[in-house]
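Contents: one structure, followed by commentary.
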Amino acid sequence: MLQTTNLSFSYQNSASFDFPDIELKNNEHLLILGASGIGKTTLLHLLAGILTPNKGVITINNEVITNLNPKKLDTYRGANIGLILQNTSAIASLSVYENLEARLFFSKISNKEKVVDTILEQLDLTLVKKQKPNTLSTGQLQRLGIALGVIHRPKIILADEPTSSLDDKNCALVINLLKAQAKIANANLIIITHDQRIKNSFDNTLVL
């Protein structure tokens, strides 16, 4: 469950944003559409606890994350929020497998080897698990980014422009992968994008 109320944020000597309220029940997903500069990424960073709102409340799974101190927020985010960014946040010196192991390190998940092997199989990365990120194709890197964002079974999955650079076929593939992983994790999926092609894939759409 995710809920926001009266969220606003201002950058120093720059733009300020007031965001509509959001309320998602368990397993509900949301597509947030908007042009560049409208505040989409700012909203994603607020939902992830990376930015602190000037005012307003964010509640995730009955936890008011806007009330948490930085240390507790870091711990909560690591365990409960999955981030899928435009540029994969993989560690270049580690293999695909080692990157996923590292992502699980602070998540207190048992059977780590089984969890990693399962996500590799689900996202068709088993054959490249010993490779470094810089040897992967664009599609493999994208799937690794999804794996890093969902492997710890977060309560909310936040994806920033996951399809904007893809052709129609791969766009549909990525959306289906994200939805499937959200179902497995029993998580809310929120996608922030300007890509109008995926509107029909979501029942809930918010236009900024």
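Per-structure values
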{"read-out": "Choice from 184, 119, 192 with maximal GNM fluctuation in the chain (Cα, 10 Å cutoff)", "value": "184"}
{"read-out": "Zone of residue 55's modelled label, taken as backbone nitrogen in segment 1-24 under 17 Å from a point 7 Å along Cα→Cβ", "value": "4-11, 16-22"}
{"read-out": "Net charge of neighbours whose Cβ lies under 12 Å from the Cβ of residue 7, counting Lys and Arg as +1 and Asp and Glu as -1", "value": "-1"}
{"read-out": "Ranking by accessible area, most exposed first, for 194, 152 with a 1.4 Å probe", "value": "194, 152"}
{"read-out": "Among 170, 134, 69, residue whose mean-square fluctuation peaks in a GNM of the chain (springs only between Cα atoms under 10 Å)", "value": "69"}
{"read-out": "Full-extension gain in nm, residue 180 to residue 141, via 0.36 nm per residue minus C-alpha separation", "value": "12.2 nm"}
{"read-out": "Total charge dipole magnitude, the chain, about the Cα centre, Cβ charges on Lys, Arg, Asp, Glu only, Debye to nearest 20", "value": "440"}
{"read-out": "Segment 126-208 - charge dipole about Cα centre, Lys and Arg +1 at Cβ, Asp and Glu -1, debye rounded to 20", "value": "460"}
{"read-out": "Cα gyration tensor, segment 112-197 - rounded (a/c under 1.5), prolate or oblate", "value": "oblate"}
{"read-out": "Electrostatic dipole magnitude of segment 1-102 [Cβ: Lys, Arg +1; Asp, Glu -1; Cα centre; debye, to 20]", "value": "200"}
{"read-out": "Accessible-area ranking of 161, 23, 98, largest first, probe 1.4 Å", "value": "23, 98, 161"}
{"read-out": "Heavy-atom SASA rank of 105, 17 (probe 1.4 Å, accessible area, largest first)", "value": "105, 17"}
{"read-out": "Semi-axis lengths, Å, segment 40-92, gyration tensor of Cα atoms, sqrt of 5 times eigenvalues", "value": "20, 14, 10"}
{"read-out": "C-alpha long axis of helix 112-122 to longest principal axis of the chain, angle in °", "value": "90"}
{"read-out": "Cα→Cβ-extended label distance, 7 Å offset, between residue 111 and residue 26, nm", "value": "2.1"}
{"read-out": "5 angstrom amide H check on residue 27, placed H, neighbours 5+ away", "value": "188"}
{"read-out": "Spatial extent of the chain: Rg and Dmax, with the Cα atoms as the point set, Å", "value": "16.7, 49"}
{"read-out": "Backbone HN-Hα couplings from phi across segment 201-206 [Karplus 6.51/-1.76/1.60, Hz, Gly and Pro as x]", "value": "8, 10, 7, 10, 10, 10"}
{"read-out": "Entries of 179/199; 130/183; 132/179 with Cα pairs more than 24 Å apart", "value": "130/183; 132/179"}
{"read-out": "Gaussian network model of the chain, Cα within-10 Å springs - most flexible of 114, 129, 183", "value": "114"}
{"read-out": "Solvent-accessible heavy-atom area per residue, rounded to whole Å², over the chain at 1.4 Å", "value": "53"}
{"read-out": "Residue-span extension gain [residue 200 to residue 1] - 0.36 nm each, minus C-alpha spacing", "value": "69.4 nm"}
{"read-out": "Accessible-area composition of segment 37-195, carbon plus sulfur, in percent [1.4 Å probe]", "value": "50"}
{"read-out": "Gain upon complete extension [residue 165, residue 12; 0.36 nm per residue less C-alpha separation]", "value": "52.0 nm"}
{"read-out": "Relative contact order %, the chain, counting alpha carbon pairs below 8 Å whose residues are six or more apart", "value": "31"}
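The values are calculated or read from the model by the stated rules, or taken from the named source; none is laboratory data. These numbers come from a predicted model, not from an experiment. Here the Cβ is made from the backbone with ideal geometry for all residues, glycine too, and neighbour counts use every protein chain on show. In case anyone asks, the SASA skips ligands and DNA or RNA and just uses the protein heavy atoms, side chains included. Shrake-Rupley method; radii C 1.70, N 1.55, O 1.52, S 1.80 Å.
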